[in-house]
Amino acid sequence: MSSPPTPSTPGGPQPLPGSVASTAIAGLLAAAPRPARVLGASATAVYLAIEGGEEGPDVVAIVAARGVHLPVAVAVPGQAPPIHLAAAVRVGGGGIHLGGWSVIPARWVDLRPHIPGRPLATRLDEAEELLAVPAETAGLGVHPAAAVAHGLRTGNPAPALDLLGQGPGLTPSGDDVVAGAAAAVAILGRLDPAASAAVVGAARTGTTVLSAALLRCATRGEMVPQAAELLRALCGQGGLGTALDGLLGVGHTTGAALALGLCAGARSALAG
């Protein structure tokens, strides 16, 4: 089994070879170190919250190589650090410092995809057909997603607000639908600023800390790589079936919910 991030050296923390961080957390890691608390952990990730953010607690994650590279994450080679190391963690000063270990990114990536094309109606039709069974299995519906996307584009946040916090887990499925729709509209169309601000504001107290942070990322068009691949496929770049399968493999219901939101957002952008 691969080792967790290497410990700090006497000369100070060094970049971890192979580690890749999202530019969304560049400011947090560059700032003065602040204490953080553990939000949760899985076999592939540790989630940390830092109090004092302007829009609610800031969140960073350390994700293993086989995990999902969230827009708030540093992806590290091998496995995520053992959870007991996160008992005394600080974020800032160039990285994430926990116990005697430090994670200093070696490379940065912008998780806002550049997609020059437009959604194709035929691709959207096919994707929605392929999504019917996974969406039903996950207890999700297409019509709320369409209303969410339309509202985020036209200035009516009510459908999105109705879904916030709906579902179990660190990222409720309702939030994932909203995140997918917001990210697609932000990249392919025009996300209404007032509707976006309403969602971000309501998420501060209306859902989990992690999900609220990911919703903020979504309103900027930042998304997991699997979601970006589906969005590209909807615009005719790459295989649709392969991209959809990749996203459906994310989490228990997260992939299906994100896919529903992305398709709804892409269709709304096409209509607009």
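Computed from the coordinates by the stated procedures, all read-outs in this text should not be read as laboratory data. The model shown is predicted, which means the values in this text are computed figures rather than measured ones. Positions of Cβ are generated from backbone atoms using ideal geometry, with glycine treated the same way; all protein chains shown enter the neighbour counts.
In percent, rounded to a whole number, the relative contact order of the chain is 21, using alpha-carbon pairs under 8 Å and six or more apart. Above 25 angstrom, tally the Cα pairs of the chain and express them as a % of all pairs, no decimals. Tail of the P(r) past 25 Å holds 43 percent of the pairs. Extents of segment 20-109, largest first, come to 31, 28, 22 Å (Cα atoms, principal axes, whole angstrom). Over the residues of the chain, the helix contribution to mean residue ellipticity at 222 nm works out to -13500 deg cm²/dmol, using -39500 (n - 2.57) for each DSSP H run of at least 4. Compared with the alpha-carbon gap, the fully stretched path from T44 to W108 is longer by 21.1 nm at 0.36 nm per residue.
Working note: Cα atoms of segment 116-272, range along each principal axis, descending, whole Å: 39, 31, 25. A simple count of charges around S22, restricted to other residues whose Cβ falls under 15 Å of its Cβ and scoring Lys, Arg +1 and Asp, Glu -1, yields +1. Going toward the positive end of the dipole of the chain, with +1 on Lys and Arg Cβ and -1 on Asp and Glu Cβ, which of G236, T219, A182 do you reach last? Of the options given, the answer is T219. Taking Cα centre as origin and charging only the Cβ of basic (Lys, Arg, +1) and acidic (Asp, Glu, -1) residues, the dipole magnitude of the chain rounds to 620 debye. Put simply, the convex hull of the Cα atoms in segment 214-272 casts, on average, a shadow of 4.0 nm².
When the chain is described by a simple charge dipole with +1 on each Lys and Arg Cβ and -1 on each Asp and Glu Cβ, the residue from T207, A256, A127 located farthest towards its positive end is T207.
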